[in-house]
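A short worksheet on the structure shown next.
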Amino acid sequence: MTAFSLNPEQTARCAELRTLAAERLRPLAEKGEPGHVNRPLVAALGELGLLDALFEERFEGGGAGASPPGGASGALDLCLTRESLAYACTEAETAFALQGLGAHPVHAHGSPEQRERWLPPVRAGHAVAAFALSEPGAGSDAAALSLAAEPDASGGWRLTGEKCWISNAPEADFYSVFARTSPGAGARGVTAFLVPADRAGLTGTPLDMLSPHPIGALAFDGVRVGTEDVLGEVDRGFRVAMTTLNRFRPSVGAFAVGMAQSALDATLAHTAERTAFGGTLKDLQSVGHQVAEMATRTEAARLMVYAAAAAYDSEGPQGPGIARRAAMAKLIATETAQYVVDAAVQLHGARALRRGHLLEHLYREVRAPRIYEGASEVQRTIIAKELYAAHEEEPPA
């Protein structure tokens, strides 16, 4: 199998997930309250065994970060899951992905005690996780974060400052928090901490956002954390953040591809049936060309997402070119989804703008992925930096 051709088992699994999302998860999503964690939906993801895939990795190569084979699904299957869920129920996809993003630092860098305490309830859908990196003055520039971790007399730290734009906040049960332990050290002075939501001094406020999933701000007023709360190593938290993002960026692209495919299929159905100017919309060359462009861009984005995920599975998180591939996949897929959904709205006309229409929903959902987990401009910066670094390492001809 290559990254560009799915085997029959994967194809069947995608179809199964679409059906599962439409029949079992969408009814739960429709009962949820926008802007709040839908705990019955998260619990259903756990009961159906879908959350297990978030914590199973297999690297075929023997590079840094390689883990033993056996029973693992890998980054490609994570992308297939996110794409399939997004096609039928974006709320289920987002709840699924946020569990992984928030808990991956614990899975990959946590102590045995941290993993034993938190991962089983996350996998079961009984505990909600959140990834707390962004701040009011440090979103895409993650190395500039200012949440202060100041040493205290007990040998631990006190966290003081704010986090903002945090998905699942303030309703999560724990947060993977990134704070500055060494002032003035940039990326080298950041430490990752596991902070339970009930820790004294931690408060949160929901934010009323365009996206329907929960997003909030967190305030840390001398929140105590100890050495037992560190994820990974002191002053090495930036690596924890970046390896987590490299793991999930291709699958953000998969989320976008799922939305684009859903919009494309809705457009095919609408333009094949809608009568206008003495025929159907599909008979108009301008419409046919538009649909062809939508389909071509969606397929191109899908292939780049699959290739990035396959490279991650082959080389591991520290493999050559992984950051560049992840950035490319997220960039092309999220920008493509924005284009496809917007074009679909245009071809549907005013009906697509009515509250409750599939495309009205996708139009609100599709905008945020171009910003979170690194805005499109940041992805271009990463790509350029990686390209020039590789160019400088090449021997002269």
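The values are calculated or read from the model by the stated rules, or taken from the named source; none is laboratory data. Since we're looking at a predicted model, the values are computed, not measured. Here Cβ is always computed from backbone atoms with ideal geometry, including for glycine, and neighbour counts include all displayed protein chains.
Below are the figures for this structure:
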{"item": "Test set (1) modelled with pLDDT under 95; (2) at negative phi; (3) among the small types (Gly, Ala, Ser) - Ala329 fails condition number", "result": "(1)"}
{"item": "Residue tally, condition touching a Phe, Trp or Tyr at 6+ places or on another chain (Cβ under 7 Å) and among the acidic types (Asp, Glu), over region 329-349", "result": "0"}
{"item": "Complete set of residues in region 18-37 that are of a type in the set (Gly, Ala, Ser) and closer than 20 Å to Gly216 by Cα", "result": "Ala29, Gly32, Gly35"}
{"item": "Qualifying residue in region 64-77 (condition: crowded, with 19+ Cβ neighbours inside 10 Å, modelled with pLDDT of 95 or more and either among the small types (Gly, Ala, Ser) or over 22 Å from Ala12 (Cβ atoms) (or both))", "result": "no"}
{"item": "Members of region 148-172 found to be buried (at least 23 other Cβ atoms within 10 Å of the Cβ) and under 19 Å from Thr205 (Cα atoms), listed by number", "result": "Leu159, Lys163, Ile166, Ser167, Asn168, Ala169, Ala172"}
{"item": "Hits in region 149-184 - residues which are among the charged types (D, E, K, R), more than 15 Å from Gly100 (Cα to Cα) and touching a residue at least 40 places away in the same chain (Cβ under 8 Å)", "result": "Asp152, Arg158, Glu162, Lys163, Glu171"}
{"item": "Any hit, region 188-200, residues being out of contact with any Asp or Glu (no Cβ under 8 Å at 6 or more places or on another chain) and under 23 Å from Ile371 (Cβ atoms)", "result": "yes"}
{"item": "Test: Thr334 is modelled with pLDDT of 95 or more and touching a Pro at 6+ places or on another chain (Cβ under 6 Å)", "result": "yes"}
